[in-house]
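The values are calculated or read from the model by the stated rules, or taken from the named source; none is laboratory data. All values derive from a computational prediction rather than experimental measurement. Cβ coordinates were reconstructed from backbone atoms using ideal geometry, including for glycine residues, and neighbour counts include every protein chain displayed.
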Amino acid sequence: MRRSGGRSGQVVVEMILILPVFLAIIFSIMEIGYVSFHVIVLNHATYEVARIGSMTAGSASAGACPPLNLPTINGAMSQILPKATVSCGSVPTLKDPQALQQNCDLQCTSKETVSLIFPISSIMLSDPGNPGHKTLTASVAMPIERPLQQ
């Protein structure tokens, strides 16, 4: 005849074996959600900075891209996301045959380093050589608004 008291040790051993794996999965899901939130915020901030930069770009001759207002662009990013950095440049696109002017896009790339929270998932998600941190990058191209040449 078996006693039921001998099975309680088996449950404890199984829980000790399964609990770390279960917690690692749960914490990894939470960490991925945390990083995903920061990706969404960085993409939106980059879009807003590109929009501000495209609307504040100076005027130029018909054959060139207008100069960018970089202090305004960097100031806008520092207000939206203080830890993020942004680099922008104008890229020529197709020439408009009707208006006889060169169209340009403002290409902005933002980077932000996020500190990861949980120890096990941060090992899996962190950048190589930078444990506990993940560098996020967002890139947006926005057409530069300018009036037609007379």
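Tell me which residues, restricted to the range 119-150, are modelled with pLDDT under 90, of a type in the set (A, V, I, L, M) and surrounded by 11 or more Cβ atoms within 10 Å (Cβ to Cβ). Passing the criteria: Ile120, Ile123, Met124, Leu125, Ile144. Selection of the range 110-136 for residues being under 15 Å from Val39 (Cβ atoms), touching a helix residue (DSSP H, G or I) at 6+ places or on another chain (Cβ under 7 Å) and of a type in the set (Val, Ile, Thr) yields only Val114.
In the set Ser28, Ser36, only one residue is among the small types (Gly, Ala, Ser), exposed (fewer than 13 other Cβ atoms within 10 Å of the Cβ), within 27 Å of His133 (Cβ to Cβ) and modelled with pLDDT of 90 or more; that residue is Ser36. Within the span defined as the range 74-90, every residue fails to be surrounded by fewer than 17 Cβ atoms within 10 Å (Cβ to Cβ), farther than 22 Å from Asp127 by Cα, in contact with a helix residue (DSSP H, G or I) (Cβ under 7 Å, 6 or more places away or on another chain) and hydroxyl-bearing (Ser, Thr, Tyr). For the range 108-126, does any single residue satisfy the condition of being closer than 16 Å to Pro66 by Cα and either touching a residue at least 12 places away in the same chain (Cβ under 8 Å) or among the polar types (S, T, N, Q) (or both)? Yes: the range 108-126 contains one or more residues that are closer than 16 Å to Pro66 by Cα and either touching a residue at least 12 places away in the same chain (Cβ under 8 Å) or among the polar types (S, T, N, Q) (or both).
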